[in-house]
Amino acid sequence: RPRIFSGMQPTSDSLHLGNYLGALTQWVALQESYDALYCVVDLHALTVGPDPAVLRERTRRTAAQYLAAGVDPARSILFVQSHVAAHSELAWLLSCQTGFGEASRMTQFKDKSTRYGQEGTTVGLFTYPVLMAADILLYDTALVPVGEDQRQHLELTRDLAQRLNARFGAGTAVVPEAHIVKATAKIYDLQEPTAKMSKSAASPNGIIELLDDPKVVAKRIRSAVTDAEREIRYDPEAKPGIANLLTIYSALTGRDVLAIEAEYQGKGYGDLKKDLADVVVDFLTPFQERVHGYLADPASLDDVLADGAERAQELASGMLDRVYDRMGLLPRR
Ligand code: ATP
Ligand code: MG
């Protein structure tokens, strides 16, 4: 079966609805027909200087949210990036194949480095896309389910795979495809509906965190920024706030956006927001119970992660050895 790889950074206590709808629901669906590896990418989180105790806690919490969403460790490999040293090793090899100019064109680096300033911006933040390419190529991955914001990093990954094959021989790396589901590829911030919902957003008010108090979630939905019209219509250009609410509504209920539009003809924004808040809270309540169940038993959670790391390690070593060899490094004995 073809292979899938994807991951999320433990950069927050909770994943948000963008992570869930843009990526996590796809992960769960795809594990039926692919051999999947789902990773908590803690090495990526180091790029923004987290507190050590907080990082450790968030790594477990992120894994618990994968499980609560339906990632099944009996079918998929669930593990923590730093437990498989090959990620860091391949990242170095790839960084020596990446042009400085090429890396400098990554728009996420430009956005994040503006936020952190000259002093707060690490070299790790700059080389982050190379580590991400290593994560993916290490497992001869065919498909990478991600949100729209990762499209450019995926392109770089593909370029690097093709470069390895051109320089070191066909079959050095598998060239992966992005799997980006258009309808939910970019969930927007409720307060700033032209910016993506992000764990590292400046203000929490526009974010729906999966582990937030349902009362807070309902309040944030009620105060979502919309527009000065009254009509409930899916028009992302003219009405980004309403379009975002309709997207979330549709994704969580499985109902067509047009059907929801039709149902709300003649009703107000307040009605839509109130009903959406109910839909979101009904989804979050059992989800949160499951997460807390996993977190209440950290030893079992760590066992799942240790088992995943062992299986991932086994898959990774073949690709890494192949690249070391083809690049001309002296064989280890
Ligand atoms: P950070 O701000 O720390 O980068 P993030 O919210 O972007 O956090 P990541 O861990 O970087 O989260 O991304 C995890 C996955 O979630 C990726 O596949 C990414 O494309 C997807 N994703 C992130 N934000 C959104 C969003 N607003 N809509 C859809 N998918 C998203
Ligand atoms: Mg991100």
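Of all residues in the stretch 14-50, those satisfying the criterion of being over 26 Å from residue 310 (Cβ atoms), among the β-branched types (Val, Ile, Thr) and more than 8 Å from ligand 1 (Cβ to nearest atom) are 25, 47.
For residues in the stretch 152-192 being touching a residue at least 24 places away in the same chain (Cβ under 8 Å), assigned to a helix (DSSP H, G or I) and under 30 Å from residue 273 (Cα atoms), which is most open to solvent (accessible area, probe 1.4 Å)? Ranking the candidates gives 183 first. Considering the stretch 107-151, and only residues there that are among the aromatic types (Phe, Trp, Tyr) and open to solvent by 10 Å² or more (accessible area, probe 1.4 Å), the residue that is modelled with the lowest pLDDT turns out to be 116. The set of residues in the stretch 56-71 that are open to solvent by 40 Å² or more (accessible area, probe 1.4 Å) and in contact with a helix residue (DSSP H, G or I) (Cβ under 8 Å, 6 or more places away or on another chain) comprises 58, 60, 61. Look through the stretch 1-25, keep the residues that are open to solvent by less than 30 Å² (accessible area, probe 1.4 Å) and under 16 Å from residue 136 (Cβ atoms), and return whichever of them is nearest to ligand 2 (Cβ to nearest atom). Top of the filtered list is 9.
The values are calculated or read from the model by the stated rules, or taken from the named source; none is laboratory data. All values reported here derive from a predicted model rather than from experimental measurement. Backbone-built Cβ (ideal geometry, glycine too); neighbour counts: all protein chains shown. Surface accessibility is based on the protein's heavy atoms, side chains included, excluding ligands, DNA and RNA. Shrake-Rupley method; radii C 1.70, N 1.55, O 1.52, S 1.80 Å.
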